[in-house]
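The values are calculated or read from the model by the stated rules, or taken from the named source; none is laboratory data. Worth saying up front: this structure is predicted, and the values here are computed from it rather than measured. Reconstructed Cβ throughout: ideal geometry from the backbone, glycine too, with neighbour counts over all protein chains shown.
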Amino acid sequence: MTPDRTGRWRRGLLGVAALAALLAMPSPAPRPVVPPAAAATVPSAAPTALVAPSTAPIIPTGISAAETEAAARAEADAVAEAAADRRAGVPGAAVPAAGTGILVAVPGAAPAPAPGPSRTVRVEVEGGLPVDAPAFAEFVTATLNDPRGWGQGLGATFARTDGAADVVVVLASPRTSEELCRPLVTEGIVSCRAGNRAVITYMRWVAGAPDYGRDRTGYRQYVINHEVGHVFGNVHVNCPGPGRPAPVMQQQTLGLQGCAPNPWPYP
């Protein structure tokens, strides 16, 4: 055999041996299939319980319960005073110095509340005043027909009319009331009688008087009874003694002289 053929023969044997060795090697173990990681689960929050809103008053920090109670009382008083003003025909605190100067009878009539003797009353309001005229007229007749009023002494009740009347109750601006009250000097800040007219200045009807404090309803009843008392011929009297009810014919607008406020002829 020639050397070239011998080399090729050897190389062939080596290739066959290498192939056999490769085939004899063990196959690698299959790699395990790892499933994809599960998404992290966030635990759900526990349901929130519904809580009914508290009805207890909220007290701001730094304010005591006593101060809160006082503020609540003041608010309730303000609401009550506003309601009392509306019943008297007063819509607000504004007091114009003058109206139109024309007195207008409140239309309509109201019968006497009981059978028997009666007096007639007409209610007039000056034009241009910010007043609920029908409410004012109702306040006047209710005051005159109160069991503590002049009707008790007269043995009579009052019927309202918009015509001729025994008594005329007038609500006028400070300027007009001053003119109606002459020669008495009122400066528009006090009321008066002029003939059969009980002239009430709007300034006092709105503001009341110091000794009545916040009781403007009581003062309004007083000023009607006082001026109508003059129409019936009654004159001024003084306080009978400290702490006693002031007579209705006392000039309570100017001071009580130690008496207690009293709006009625027969309290």
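If the condition is being over 35 Å from the mean Cα position of the chain (by Cα) and in a loop (DSSP other than H, G, I, E, B), then the range 149-168 contributes G155, A156, G163, A164, A165, D166. If you go through the range 138-154 and keep only what is farther than 14 Å from V228 by Cβ and either surrounded by 23 or more Cβ atoms within 10 Å (Cβ to Cβ) or at pLDDT below 95 (or both), you end up with nothing.
Go through the range 167-193 and report how many residues are of a type in the set (V, I, T), without any contact (Cβ under 8 Å) to a residue 24 or more places away in the chain and within 18 Å of V228 (Cβ to Cβ).
Here is the first cut: in the range 167-193, the ones of a type in the set (V, I, T) are 167-170, 176, 185-186, 189-190.
Imposing the further condition that a residue be without any contact (Cβ under 8 Å) to a residue 24 or more places away in the chain reduces the set to 185-186, 189.
So of that shortlist, the ones also within 18 Å of V228 (Cβ to Cβ) come out as 186.
Here the count works out to 1.
Against the definition (surrounded by 23 or more Cβ atoms within 10 Å (Cβ to Cβ), basic (K, R) and either more than 23 Å from A80 (Cα to Cα) or in contact with a strand residue (DSSP E or B) (Cβ under 9 Å, 6 or more places away or on another chain) (or both)), how does R220 come out, yes or no? Here the answer is yes, as R220 does meet what is asked.
Screening the range 240-255 for residues that are of a type in the set (A, V, I, L, M) and under 34 Å from the mean Cα position of the chain (by Cα) and picking the one that is farthest from W150 (Cα to Cα) gives L254. If I filter the range 191-207 for residues that are touching a strand residue (DSSP E or B) at 6+ places or on another chain (Cβ under 9 Å) and part of a helix (DSSP H, G or I), do I get at least one hit? So far as the range 191-207 goes, yes, one or more of its residues are touching a strand residue (DSSP E or B) at 6+ places or on another chain (Cβ under 9 Å) and part of a helix (DSSP H, G or I).
Tally the residues that are among the polar types (S, T, N, Q) and surrounded by 19 or more Cβ atoms within 10 Å (Cβ to Cβ), restricting the search to the range 235-252. Before you say what the answer is, go through the steps one by one.
Quick first cut of the range 235-252, residues among the polar types (S, T, N, Q) only: 238, 250-252.
Right, trim to surrounded by 19 or more Cβ atoms within 10 Å (Cβ to Cβ) and you get 250, 252.
Number satisfying all stated conditions: 2.
Of all residues in the range 73-103, those that are small (G, A, S) and either in contact (Cβ under 8 Å) with a residue 12 or more places away in the chain or in contact with a His (Cβ under 8 Å, 6 or more places away or on another chain) (or both) total 10. When restricted to residues that are within 23 Å of V121 (Cα to Cα) and of a type in the set (D, E, K, R), the range 174-213 contains 6. Residues in the range 154-166: is at least one in contact (Cβ under 8 Å) with a residue 12 or more places away in the chain, under 19 Å from N234 (Cα atoms) and touching an Asp or Glu at 6+ places or on another chain (Cβ under 9 Å)? Scanning the range 154-166, I find at least one residue that is in contact (Cβ under 8 Å) with a residue 12 or more places away in the chain, under 19 Å from N234 (Cα atoms) and touching an Asp or Glu at 6+ places or on another chain (Cβ under 9 Å), so the answer is yes.
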